[in-house]
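So the structure is just underneath, and the comments pick up after that.
The values are calculated or read from the model by the stated rules, or taken from the named source; none is laboratory data. Because the structure is a prediction, the values reported are computed rather than measured. Positions of Cβ are backbone-derived with ideal geometry, glycine not excepted, and every protein chain shown enters the neighbour counts.
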Amino acid sequence: MSTLDTPMAPSEGGKPRTVATQTIWALRWRRFRAHRTGVASLVVLALLVVFCLMAGPLEAWRGVDATQTDLFKRYQPISAEHWLGTDDAGRDVLARLMYGGQVSLLVGLLATIIGGVFGVSLGLLAGYYGGRLDNALMRLTDGMIALPLLPLLIVLGAVDLTKLGFSAEAAHSQSVAFWRIILIIALVDWTAIARIVRAATLSVKERDYVSASRGSGANALYIMARHILPNTITPIIVAFTLTVGRVILFESVLSFLGFGIVPPTPSWGNMLNNAQELVTTAPALAIYPGLLIFVTVIAVNFLGDAMQHAFDPRSEK
């Protein structure tokens, strides 16, 4: 149902007074607003996105270049020219944090979407068809879950692309490194969404409207797209939200270990990697990206909790 109807209330004179209907999305928004931590997390994430997107305009206004090195300006303190100082190569720290945030957030979003689409497709097929296909897809999912995730990501990140037919120039290009980390994470981080969608599909496919559509001659693709997928959107949204924070953390870890985004393109993870030997001499270079990773992941997780609260009918008191 798209609306929640309340009974008509009596008014003076005996004439009924119509109470306005409330859409299910308005109800979910009301539940979300009641979750103060979730609202605060949404504000924090919005500010982080604005902060990162302002990298170009702010860089042009201040007259700095995030990639320009100047060894005569190494480790400069906070000043009017460099608001957060400079790093070991004389680059502006604030500009690199802003551009690094664009990379880290974009990796988290794209890897979640690609892996999520794959997981949703597998979950729909397994739940709808059942039988041998369900068993095969779920055993594949169980096998992926059983693998140690971080070592697997490290192994995949360490693969030499030149051995796979890529030229040396392409293998070390920034765009290939960017899409490589996205595909690596998407390749292994789809299992949770697949299992959630399968469970929801098993429940929805037994409903009367699905049986009626099947009896009227509708094919499986139409039923999954028109009836099952829209009615499983709630757990999918919640799962996608929680996955983004995990993916950002994976990218940061891989970049920190040297298997992710390749310098000079900044990301919060490789900025931490560059600063690991400077903790005693310039601790701020590690604190800034580490703090941004921490705040982003915590905010995304709290937002996921708020989404779960908003979409769960049992949360209504």
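Brief remarks on what is shown
- Of all the criteria given as (1) touching a Gly at 6+ places or on another chain (Cβ under 9 Å); (2) among the polar types (S, T, N, Q); (3) in a helix (DSSP H, G or I), the one not satisfied by Asn231 is (1).
- Of the criteria (1) part of a helix (DSSP H, G or I); (2) over 20 Å from the mean Cα position of the chain (by Cα); (3) without any contact (Cβ under 8 Å) to a residue 24 or more places away in the chain, which one Phe166 fails: (1)
- Every residue from the stretch 127-172 that is closer than 21 Å to Val247 by Cα and not hydrophobic (A, V, I, L, M, F, W, C): Thr141, Asp142, Gly143, Pro148, Pro151, Gly157
- Considering Ala286, Ala299, Ala275, the condition of being in contact with a Ser or Thr (Cβ under 7 Å, 6 or more places away or on another chain) and buried (at least 17 other Cβ atoms within 10 Å of the Cβ) is satisfied by Ala299 alone.
- Test: Leu242 is in contact with a Gly (Cβ under 6 Å, 6 or more places away or on another chain), modelled with pLDDT under 90, under 30 Å from Tyr209 (Cβ atoms) and surrounded by fewer than 21 Cβ atoms within 10 Å (Cβ to Cβ): yes
- Matching option when the condition is under 30 Å from Phe32 (Cα atoms) and in contact (Cβ under 8 Å) with a residue 12 or more places away in the chain, among Thr265, Thr281, Thr243: Thr243
- Counted residues, the stretch 242-288 - those being more than 13 Å from Leu105 (Cα to Cα), part of a helix (DSSP H, G or I) and under 20 Å from the mean Cα position of the chain (by Cα): 6
- Restricting attention to the stretch 87-113 and to residues that are among the hydroxyl-bearing types (Ser, Thr, Tyr) and crowded, with 23+ Cβ neighbours inside 10 Å, the residue that is nearest to Leu242 (Cα to Cα) turns out to be Thr112.
- All of (1) within 21 Å of Gly131 (Cα to Cα); (2) under 23 Å from the mean Cα position of the chain (by Cα); (3) of a type in the set (Ser, Thr, Tyr) hold for Ser211 with one exception: (2).
- Complete set of residues in the stretch 198-224 that are loosely packed, with under 12 Cβ neighbours inside 10 Å and of a type outside the set (Asp, Glu): Ala212, Gly215, Ser216, Gly217, Asn219, Leu221
- The set of residues from the stretch 86-104 being part of a helix (DSSP H, G or I), farther than 16 Å from Val253 by Cβ and either touching a Phe, Trp or Tyr at 6+ places or on another chain (Cβ under 6 Å) or not small (Gly, Ala, Ser) (or both) comprises Val93, Leu94, Arg96, Leu97, Met98, Tyr99, Gln102.
- Listed by position, the helices (runs of 4 or more DSSP H) inside the stretch 1-62 whose residues that are at pLDDT 80 or above and touching a Leu at 6+ places or on another chain (Cβ under 8 Å) number at least 3 are 36-53.
- Against the list (1) within 28 Å of Leu125 (Cα to Cα); (2) in contact with a Phe, Trp or Tyr (Cβ under 7 Å, 6 or more places away or on another chain); (3) without any contact (Cβ under 8 Å) to a residue 60 or more places away in the chain, the condition Ile237 fails is (3).
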